[in-house]
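Down below is the structure, laid out as structure tokens.
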Amino acid sequence: MIFSIAWKNFSRQGIRAALNVTVTALAMIAVVFNISLYNGFQAQTTRNMIRTDVAGGHYRAPGFDILSPTEWEDFTLKIPTALKDLPPSDKAEVLVQQGQLFPNRRLYPVQMRGIDINQTLLDLPLEGLKSYSGKVNDIIPAVLGIKMAQKAHLKKGDTAVLKWRDQYGVVDARDMLVVDVVTMVNSRVDEGVLWLRLDHLRDMTGRPGEISWVAVKDFQGPVAAMEFQTVEELIADILNLIENDRKYAKIFWIILIFLAGIGVFNTQILNVFKRQKEIGTLMALGMTAAQIVGLFTLEGSMAALLSVVVALILGTALFAWFQSVGLDISHLSESTIPVHENILLDIHSSEVAATLVIIVCVMVLVSWLPVRKITRLDPTLALRGRAIT
Amino acid sequence: MLSFKLKILFFASILTLCLAFALPLNAAEPDAQKLLEAVDDNLWSNTKRIDGRLMIDNGRKERVLTWEHWMEGVDKAYTRYKSPAREKGTKMLKIEDKLWMYTPRTDRKLLIAGHLLRQSMMGSDLSYEDMMEDKKLSAAYKATFVKKEDLQKMECCVLLLVAHDKTTTYQTRKLWVNMEKEIVLKQELYAKGGKLLKQVEYFDYRELGERLFPRKMIFRDLLKENTKTTYMFDDIEFDVDIPKKYFSQSILKR
């Protein structure tokens, strides 16, 4: 009975009701879109990092920090047997050293990253290095990512002098040949990185059998003289960055919900003011104040309930289209965000449900708040439309 | 029997001829190591004070810094920059293998050690490590004579220097030394693999007491384009008394 009265009253509001439903539905879609976009960003970042760099974690020389290039050469060690014996599909040996590249006789500091060329754990397009022998000759073959090649003004077939220090700090230099320029989905293994064969880098720096870290598929238990870093630890900076962004995004969500709520709140205030005589009549007919508050609250909540339906229909269409194109983030190409491809939404049903529930609850609350005053109305004054002036 | 005697005579003649030609050649070939020691003795002294300019040309712009430098032996050195305004008051103190740098803008002294020593010194073609070179070449390298060559209108011996120690930054160098004056006119620094990396040229030698000292020294990083770093030694004094405080960390303040 109350529901049908509420529905009739709600539908009589016409354009006002439609606007409230639309705004609330759009707020729901925007919040879910935003949450899912962050999810997608995080998922793609993590996937790219795992595929190209992190794998299932790193066994590192204790104290090694990728952000301290001047100390890289102090944190190398011989690969322990426990890790050495793993198959190439389960581990990737990596040695990182500082170098200086002189493309067109301009200094360009680089990270020389030597990787075991037979490894299959990480998905890196380094086939160009495979045809070279394990012994480094006068010319050092290297693979560059597109970004690195662009910044250094190098292309496939170009040569440039590469300078580095060996394990004793002795200066050495040779010509480096760009054997391939490849697309890297992770800019962290592209910009400033010179990909070399591990055996070549070991030979160049006089570090036979040495590594900076070993990327492994799975944790192999504690290994003497090495520390294990989990995927979460290795990508903690990106996760923190996204988490911080999410915090700021919450302000945006609150504003959206606030705007949708204001619409409903305003409508409710207007309803109570304009329908005083109706309220008085209902009271005269025997409805209690609580029942009338319930009726008006239900009317207001209709916008929220209907907006859930609209949001589901509109949102499904919008999200389906978006998933076919993705979000172009090429403007972030100058940053070290390890995503190259367009971002797709990662929609979690639990988050969608939570968002809808929260917005509906807020709408119910803002529907109830303005109509509470009905309980204080004098029925005789309400009948004459003078209870609220 | 006769033919055997003839053979001996023949070989003896050949040997005599060879010796006759070889001896003057050997006599002209200098003792490379001794020459290197003589060059070191000419350049190094117990103490010295230099007033000079440092011109850093990065190919686009040239900066000129004026400085005063005090040196004691090979282990201690103190440099104070006098201009431009941006560098005025910057001080560098080297004691053995440590280098401290003080900048008045930050009012802090910074220890430049380890890998930091390999960075470029104030944007020049020299690294701090190059600047801190504290071993006499004759002590760090074994010299051999390569050939004779004319340079700066002087006859020079080209010496090949190979490091005794496998930790010496530059494993090989080439030196162009005028034998008569025992001065070095040019130096080339090579990578371990043999690639030429840096070049140092010495100009305008002048007599300072019993020594000959260049007025100008030009460093070039040959891997970079159009860059050079020029040291101008405007005023030099050898074997001067240097206050002890100059080689103390307490000097590193305003």
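Residue count for segment A:1-35 satisfying the condition of being among the polar types (S, T, N, Q) and closer than 20 Å to A:R275 by Cβ: 5.
In the condition set (1) touching a residue at least 40 places away in the same chain (Cβ under 8 Å); (2) in contact with a helix residue (DSSP H, G or I) (Cβ under 7 Å, 6 or more places away or on another chain); (3) under 18 Å from A:W164 (Cα atoms), B:T168 is compliant with all but (1). Taking the criterion of being within 12 Å of B:F247 (Cβ to Cβ) and not in a loop (DSSP other than H, G, I, E, B), the residues of segment B:47-88 that qualify are B:T47, B:W70, B:M71, B:E72, B:K76, B:A77, B:Y78, B:T79.
Within segment A:76-179, considering only strands (runs of 3 or more DSSP E) that don't extend past its boundaries, which have at least 1 residues that are closer than 24 Å to A:P208 by Cβ, among the β-branched types (V, I, T) and more than 14 Å from chain B (Cβ to nearest Cβ)?
Values: elements: A:91-102, A:108-115, A:139-145, A:159-165.
The strands (runs of 3 or more DSSP E) meeting that bar are A:91-102, A:108-115, A:139-145.
Mind listing just one residue for me: the one in segment B:112-146 that is of a type in the set (D, E, K, R) and more than 30 Å from A:P109 (Cβ to Cβ) and, of those, surrounded by the fewest Cβ atoms within 10 Å (Cβ to Cβ)? That would be B:K142.
So which of B:L223, B:L197 is at the interface with chain A (Cβ under 9 Å from one of its Cβ atoms) and out of contact with any helix residue (DSSP H, G or I) (no Cβ under 8 Å at 6 or more places or on another chain)?
Being at the interface with chain A (Cβ under 9 Å from one of its Cβ atoms) and out of contact with any helix residue (DSSP H, G or I) (no Cβ under 8 Å at 6 or more places or on another chain) holds for just one of B:L223, B:L197, which is B:L197.
For segment A:285-306, does any single residue satisfy the condition of being touching a residue at least 60 places away in the same chain (Cβ under 8 Å) and closer than 30 Å to A:L344 by Cβ? Yes, because at least one residue in segment A:285-306 is touching a residue at least 60 places away in the same chain (Cβ under 8 Å) and closer than 30 Å to A:L344 by Cβ.
I'd like the residue in segment A:54-63 that is of a type outside the set (K, R) and surrounded by 15 or more Cβ atoms within 10 Å (Cβ to Cβ) and, out of all such residues, is farthest from the other protein chains (Cβ to nearest Cβ). Quick ask: steps written out before the conclusion?
As a first pass, look at segment A:54-63 and keep what is of a type outside the set (K, R): A:54-59, A:61-63.
From the residues that got through so far, the ones that are surrounded by 15 or more Cβ atoms within 10 Å (Cβ to Cβ) too are A:54-59, A:61.
Numbers: A:V54: 26, A:A55: 29, A:G56: 31, A:G57: 28, A:H58: 23, A:Y59: 24, A:A61: 16 Å.
Checked segment A:54-63; the qualifying residue farthest from the other protein chains (Cβ to nearest Cβ) is A:G56.
B:Y170 satisfies every condition listed in (1) crowded, with 17+ Cβ neighbours inside 10 Å; (2) among the aromatic types (F, W, Y); (3) more than 14 Å from every other protein chain (Cβ to nearest Cβ) except (3).
Only one residue in B:E237, B:E149 is over 30 Å from A:G206 (Cβ atoms), surrounded by fewer than 18 Cβ atoms within 10 Å (Cβ to Cβ), more than 14 Å from chain A (Cβ to nearest Cβ) and without any contact (Cβ under 8 Å) to a residue 40 or more places away in the chain, so which one is that? Before the answer, list the steps.
Details: B:E237 fails: without any contact (Cβ under 8 Å) to a residue 40 or more places away in the chain.
Step by step, each of B:E237, B:E149 is checked, and only B:E149 is over 30 Å from A:G206 (Cβ atoms), surrounded by fewer than 18 Cβ atoms within 10 Å (Cβ to Cβ), more than 14 Å from chain A (Cβ to nearest Cβ) and without any contact (Cβ under 8 Å) to a residue 40 or more places away in the chain.
Looking only at residues of segment A:64-73 that are in a helix (DSSP H, G or I) and over 12 Å from A:E210 (Cβ atoms), we find that the one that is farthest from the other protein chains (Cβ to nearest Cβ) is A:P69. Being crowded, with 18+ Cβ neighbours inside 10 Å and under 13 Å from A:T24 (Cβ atoms): is that true of A:F296 here? The answer is no for A:F296.
Residue by residue, here is whether (1) closer than 30 Å to B:E62 by Cβ; (2) among the polar types (S, T, N, Q) holds:
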position	(1), (2)
B:Q187	yes, yes
B:K198	yes, no
B:D204	yes, no
B:T227	yes, yes
B:M232	yes, no
B:I236	yes, no
B:S248	no, yes
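Outside any helix (DSSP H, G or I) and surrounded by 17 or more Cβ atoms within 10 Å (Cβ to Cβ), is that true of A:V362? Before the answer, list the steps.
Values: outside any helix (DSSP H, G or I): no; surrounded by 17 or more Cβ atoms within 10 Å (Cβ to Cβ): yes.
So A:V362 does not fit the description; no.
Looking only at segment B:89-135, filter to residues that are assigned to a helix (DSSP H, G or I) and within 17 Å of the chain's Cα centre (by Cα); which one of those is farthest from the other protein chains (Cβ to nearest Cβ)? Let's see the steps before the verdict.
Step one: filter segment B:89-135 for residues assigned to a helix (DSSP H, G or I), giving B:114-118, B:128-131.
Keeping just the survivors that are within 17 Å of the chain's Cα centre (by Cα) gives B:128-131.
Numbers: B:Y128: 13, B:E129: 9, B:D130: 10, B:M131: 15 Å.
Looking at residues that are assigned to a helix (DSSP H, G or I) and within 17 Å of the chain's Cα centre (by Cα), I get B:M131.
Read the figures in this text as sums done on the coordinates, not as results from a lab. It should be emphasised that the depicted structure is a prediction, and the values quoted were computed from it without experimental measurement. Cβ atoms come from the backbone with ideal geometry, glycine included; neighbour counts cover every protein chain shown.
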